[in-house]
């Protein structure tokens, strides 16, 4: 069984984000990068399937040269080889443009299963995996917590709302977007890190994939959210003040 896991390199969650001088994007010069969280869970699910049923796990990512570090991290955890779509203008491509690149790289591999994270930590659109499935003409499902292999395909556990789950059967090949939290993530061992240095990582220029996409342009400027502080005093009895607080938390803060 061949499993392809599409992963993305994103800025670390605690990174200090600054806007570049042109005001068109974030300043990437001093950012630290890491493997996208839900992609890490997709990789973990793929490695568990490989350990149980055998086969090969291939990690696929698009981006500039720096994403090689994230590929090596995935190889150190147990992936067999990597595919790097060399694409310096990834931030100028929308979800459809990125999915076209991934689809063009996936087709020659003829995988039995394609896993992606549910969404990226930086943009959070949650669209690339679903569009990838549509471009490839494959069945797909999202919000997946667990995957079991069957004789004809896969049975997946899908997260719904309020603690409800759904079991779905899909034929192979299929595309699944994985939700965070389904498994406990593994760490790369020292031996795994050493082995990763000898594993194959094949780079393919984005221009060779013939995956045309219109660049995404910022029409005006991007800016950081404005920090605001305010205090509101709630009058009335404790019961009235509590009711007013609940209303504000629901309809103004939108946290309930």
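With 5 Å bins from zero, work out the P(r) of segment 122-256 over every alpha carbon pair and list the percent per bin. Pair shares across the bins are 2, 6, 8, 10, 11, 12, 14, 12, 9, 6, 4, 3, 2, 1, 0. Ranked for footprinting exposure by Cβ neighbours inside 10 Å, fewest first, 187, 41 give 187, 41. From the Kirkwood radius over Cα pairs of the chain, Stokes-Einstein at 10 °C and 1.306 mPa s returns a whole-number translational diffusion coefficient of 79 µm²/s.
Ratio of Rg to Rh for segment 24-75, alpha carbon only, Kirkwood? Using Cα coordinates only, the ratio equals 1.08. Of all DSSP-defined beta bridges confined to the chain, some 35% are antiparallel rather than parallel. Taking all Cα pairs closer than 8 Å and separated by 6 or more residues, the relative contact order of the chain comes to 24 percent.
Between 137, 236, 63, the Gaussian network model of the chain with springs among Cα atoms under 10 angstrom shows the greatest mean-square fluctuation at 236. Between residue 223 and residue 65, residue separation times 0.36 nm minus the direct Cα-Cα distance comes to 54.2 nm. Springs between Cα atoms under 10 Å define the GNM used for the chain, and in it the highest mean-square fluctuation of 143, 47, 123 occurs at 123. Each helix, a run of at least 4 DSSP H residues, gives -39500 (n - 2.57); summed and divided by the residues of the chain, these come to -8500 deg cm²/dmol at 222 nm. Over the Cα atoms of segment 1-142, the radius of gyration divided by the Kirkwood radius equals 0.97; this is the Rg/Rh ratio. Using only the Cα atoms of segment 95-164, build the gyration tensor, take square roots of its eigenvalues as a ≥ b ≥ c, and label the shape rounded, prolate or oblate: rounded if a/c is under 1.5, else prolate if a/b is larger than b/c, else oblate. Oblate, because a/c is 1.5 or more while a/b does not exceed b/c.
To the nearest ten degrees, helix 238-251 and the longest principal axis of the Cα atoms of the chain are 40 degrees apart. Between 0 and 90 degrees, the angle of helix 68-77 with respect to the longest Cα principal axis of the chain falls at about 80 degrees.
Comparing mean-square fluctuations of 173, 111, 238 from a GNM of the chain with C-alpha springs under 10 Å, the top value falls on 238. Helix 95-106 axis versus longest C-alpha principal axis of the chain: approximately 20°, rounded to the nearest ten.
Among 254, 186, a tally of other beta-carbon atoms within 10 Å of each Cβ gives an order, fewest to most, of 254, 186.
Counting neighbouring Cβ atoms within 10 Å and putting the fewest first, the residues 2, 77, 184 line up as 184, 2, 77.
No lab work stands behind these numbers, since they all come straight from the coordinates. Just so it is clear, the model here is predicted, and its values are computed rather than measured. Backbone-built Cβ (ideal geometry, glycine too); neighbour counts: all protein chains shown.
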